[in-house]
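The values are calculated or read from the model by the stated rules, or taken from the named source; none is laboratory data. Everything numeric in this text was worked out from a predicted model, so none of it was measured. Every residue, glycine among them, receives a Cβ derived from its backbone with ideal geometry; neighbour counts consider all protein chains shown. To get the accessible areas, we keep the full protein, side chains included, count just its heavy atoms, and leave off ligands, DNA and RNA. Shrake-Rupley method; radii C 1.70, N 1.55, O 1.52, S 1.80 Å.
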Number of protein chains: 2
Amino acid sequence: GRKVLIVYAHQEPKSFNGSLKSIAVEELRKQGCGVTVSDLYAMQFEPRATRSDIVGCLHNSEEFNYGVEMWEAYKRGGLSSDLIEEQKKVREADLLIFQFPLYWFSMPAIMKGWMDRVLVQGFAHEFPNCYDSGLLKNKLALFSFTTGGSKEMYAKGGINGDIRYLLWPIQHGIMHFCGVRLLAPHICYAPEYVSEEERQEMLIAWAQRLKTLWKEEPIDCSPEWYFK
Amino acid sequence: GRKVLIVYAHQEPKSFNGSLKSIAVEELRKQGCGVTVSDLYAMQFEPRATRSDIVGCLHNSEEFNYGVEMWEAYKRGGLSSDLIEEQKKVREADLLIFQFPLYWFSMPAIMKGWMDRVLVQGFAHEFPNCYDSGLLKNKLALFSFTTGGSKEMYAKGGINGDIRYLLWPIQHGIMHFCGVRLLAPHICYAPEYVSEEERQEMLIAWAQRLKTLWKEEPIDCSPEWYFK
């Protein structure tokens, strides 16, 4: 069975994001997948990149360089236990699903902290092993998120600009950089401002998509996809 | 005298980012500006958006909605004291400078958390008061950051794509949304990989730019600037 890690960032289990997460867990388990959830708020996941992420002595204690220290710590098995745990989940996963409400054209800080702290050099990338040869190649990722703004606001001529513009840093800059191929994002526009019936339809559409997810082809993660 | 708030995110005072921050403090004070620094790591600034940001009872304790609760808490003066403090600094500032190392095509999580938690509806925006009529209009912002990759990597045909692509969510999606006009970003490419002499030149260039900063015109923060 395939393995899926859902990295989930919402404070409220009863939220629409919570429902989207639960549907994914249920549907994927029904398919026989092994599903793990990192429920970041419930875990009180630490988003700050600090000295505490390194166990033991520093490589250079005179001048703290987070990137260098994390790389060195990874190589000698000296990362903090929460990071070792998350890296183990990533290593085992065939697919990463990120489920979150869009905060300021991006993911909430708690999830950005997961990216900053977990995707360490040596583990997820190591020059020249980046992009198509990134260390997490052969994995897939899918960003599933809700917005405050409507689909019209996130259209090409809309006030917020094309939704794909804001996907560039997170899909290309993070996941593609690590070698992960991207399935098309799953976007629920403005669930807070639609009817209960439309919200139900959105949940059904997500469950439907998941049924044939493994047959999907990754997107072509090139500038053309984002800015054409 | 004009007032400047520098929101600074680096763990190490001796770092290149630390030097850029110190140069700004020194040069702007020399000009007679009032300068305040929010040193996020030193403050152990909380990046997570949680129930703890609201003092007292919730508007709806049945189902926690962070955006709604923060809006209501702002209106009744019920935000946590760290947020009231940051909002006071923003309110008084004519210019916001964000100083940070680029982490994953964006700001470090600790700074994203500052955006998520401080720029509350009612304080920074309140529909339809967004973009040019955002509640922080008449203020300026400047993103000053360092990269790991070289200028060539962040060129239009480069492996990371045009650096402006990744500025869209942070300049347009956050600052412009709140009505803040943007001065051109200040980017120091790959200071870790250049000579000590070149690093010194970068510091001098920043000090030089600051001397005439108040004469600069804001950029035209439209899709053309980013994706032309």
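Overview of values
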item: Candidate aspartates and glutamates - alpha carbon under 20 Å from B:Lys228, same-chain residues fewer than 8 apart omitted; result: A:Asp162, A:Glu224, B:Glu152, B:Asp162, B:Glu217, B:Asp220
item: GNM result for chain B, Cα springs below 10 Å: residue of B:Phe45, B:Phe98, B:Phe127 fluctuating most strongly; result: B:Phe127
item: Positive-pole candidate from B:Gly18, A:Trp168, B:Gly34, dipole of the protein assembly as shown, charges at beta carbon; result: A:Trp168
item: Protein heavy-atom accessible area occluded, A/B pair - total, 1.4 Å probe, Å²; result: 4000 Å²
item: Sum of side-chain charges, A:Trp168 neighbourhood, beta-carbon under 14 Å (Lys, Arg +1; Asp, Glu -1); result: 0
item: At 1.567 mPa s and 4 °C, Stokes D of the protein assembly as shown from Kirkwood alpha-carbon radius, µm² per second; result: 57 µm²/s
item: Degrees between helix B:196-211 axis and first principal axis of chain B (Cα, 0 to 90, nearest 10); result: 60 degrees
item: Local electrostatic count at B:Gly149 - Lys and Arg +1, Asp and Glu -1, tallied over other residues with Cβ under 15 Å; result: -1
item: Nearest-ten-degree value, helix A:16-30 long axis tilted from longest Cα axis of chain A; result: 80 degrees
item: Accessible surface of region A:3-227 [probe 1.4 Å, protein heavy atoms]: carbon and sulfur percent; result: 52 percent
item: Cross-link pairs beyond the 29 Å C-alpha cut-off, checked among A:Lys3/A:Lys75; A:Lys89/A:Lys211; A:Lys75/A:Lys215; A:Lys88/B:Lys21; A:Lys30/A:Lys156; A:Lys30/A:Lys75; result: A:Lys75/A:Lys215; A:Lys88/B:Lys21; A:Lys30/A:Lys156; A:Lys30/A:Lys75
item: Distance between modelled label sites at B:Asn138 and A:Glu224, nm, 7 Å Cα→Cβ extension; result: 4.9 nm
item: Solvent-accessible area per residue for region B:80-228 (1.4 angstrom probe, square angstrom); result: 39 Å²
item: Gyration tensor verdict on region A:18-131 (Cα atoms; rounded if a/c is under 1.5, prolate if a/b is larger than b/c, oblate otherwise); result: prolate
item: Heavy-atom accessible area, 1.4 Å probe, ligands and nucleic acids excluded: residues of region B:83-117 down by at least 50 Å² from chain alone; result: B:Tyr103, B:Trp104, B:Phe105, B:Ala109, B:Lys112, B:Asp116
item: Label-point separation, A:Thr50 to A:Ile204 (7 Å along Cα→Cβ), nm; result: 4.8 nm
item: Sparse-neighbour loop sites [GluC sites (Glu not before Pro); region B:48-134; at most 16 other C-beta within 10 Å; DSSP]; result: B:Glu62, B:Glu63
item: Spacing of the two label points (7 Å from each Cα toward its C-beta) at B:Ile159 and B:Glu217, in nm; result: 3.8 nm
item: Proximal charge balance of A:Met43 [Cβ under 12 Å; K/R count +1, D/E count -1]; result: -3
item: Semi-axis lengths, Å, region A:133-228, gyration tensor of Cα atoms, sqrt of 5 times eigenvalues; result: 25, 19, 10
item: Three semi-axes of the equivalent ellipsoid, chain B, Cα gyration tensor, whole Å, largest first; result: 30, 19, 18
item: Dipole in debye (nearest 20) - the protein assembly as shown, about Cα centre, beta carbon charges: Lys, Arg +1; Asp, Glu -1; result: 180 debye
item: Rounded to the nearest 20 debye, dipole of region A:3-227 from Cβ charges on Lys, Arg, Asp, Glu; result: 460 debye
item: Rounded to 10°, Cα long-axis angle of helix A:66-75 versus longest principal axis of chain A; result: 80 degrees
